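Below is one structure, written out as structure tokens, with a few remarks after it.
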Amino acid sequence: MAKGSRGSYPKGIAKRKEILDAALHIIAVDGFNHTTLAKISQAVQISEAGVLHYFHSLDDLLVEVLKERDIQDVMNYGNTEIPSVDMFDKVVDRDWDPVKLINDITKKNMLTPGLVELYAHMSVKASDQSNPAYTYFTERGQFERKMVGHLVEQYSEVHKSQPAVSVEHIARIMQAILDGLQIQWLVDNTLDMDQIAAEAFDMLSISIKKSETTKD
């Protein structure tokens, strides 16, 4: 949170949340490339300088928008604002289907291309360790891999199987597929990202089952 006094009290916290919600909506509807600080400031009825008072920088605001999006996604699964890998256990318990889980994610992304644009834009900035995007993508990546690893382990236990490759490698492959498809989709939005992602993860699931067959 910005260190200004207004950002540290209830009214400041509420205003900061209002700014994040407004920015998230504008980017989702208008697209990242058509979103300006002026639009955001007009939506919350304060000056552009007033908006940035609640954040360390414009990049910090954009990263916080991505975090807000992630929180909303997490709440759809676990009804909590605190990400935890075990909140996905219920997905495993109800006849775990990795393809459906990926479908849900990609379908949601395809409805909000502006947020996909923002994610791609900030992922480039993440190469700069002094940029807030670096910490965000580092921590988000670690959580994603931990989550995928948890699901694969649960899946393997349910099916009494063992992945042919390490859980870490499976998680990296999943990340690479999803991030790569998002870039391709931004260039050509006729790409059926949802279908390709489903097919890719279906093949990964089959590879886990095959490892069980091979051992038998």
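Summary of computed values
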| read-out | value |
| --- | --- |
| Total formal charge among the other residues, if their Cβ is under 14 angstrom from that of Gly114, Lys/Arg +1 and Asp/Glu -1 | 0 |
| Unit charges on C-beta of K, R, D, E only; dipole of segment 1-55, Debye | 300 |
| Leu58 paired with Leu191, simple spin-label distance in nm, labels 7 Å along Cα-to-beta-carbon | 2.7 |
| Computed lengthening from Asp179 to His34, 0.36 nm per intervening residue step minus Cα-Cα distance | 50.0 nm |
| Segment 130-195: trypsin sites (Lys or Arg not before Pro) in DSSP loop, at most 14 other beta carbons within 10 Å | Lys160 |
| Kirkwood hydrodynamic radius of segment 1-55, Cα pairs, Å | 11.2 |
| Positive-end extreme of charge dipole, segment 1-55 - chosen from His53, Ala22, Thr35 (charges on Cβ) | His53 |
| Within segment 104-197: Cβ-based charge dipole about Cα centre, in debye rounded to nearest 20 (Lys, Arg +1; Asp, Glu -1) | 160 |
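Read-outs throughout are calculated quantities, based only on the coordinates presented, and are distinct from any laboratory measurement. A quick note: this is a predicted structure, and the numbers were derived from the prediction, not measured. All Cβ positions, glycine included, derive from the backbone under ideal geometry; neighbour counts span all protein chains shown.
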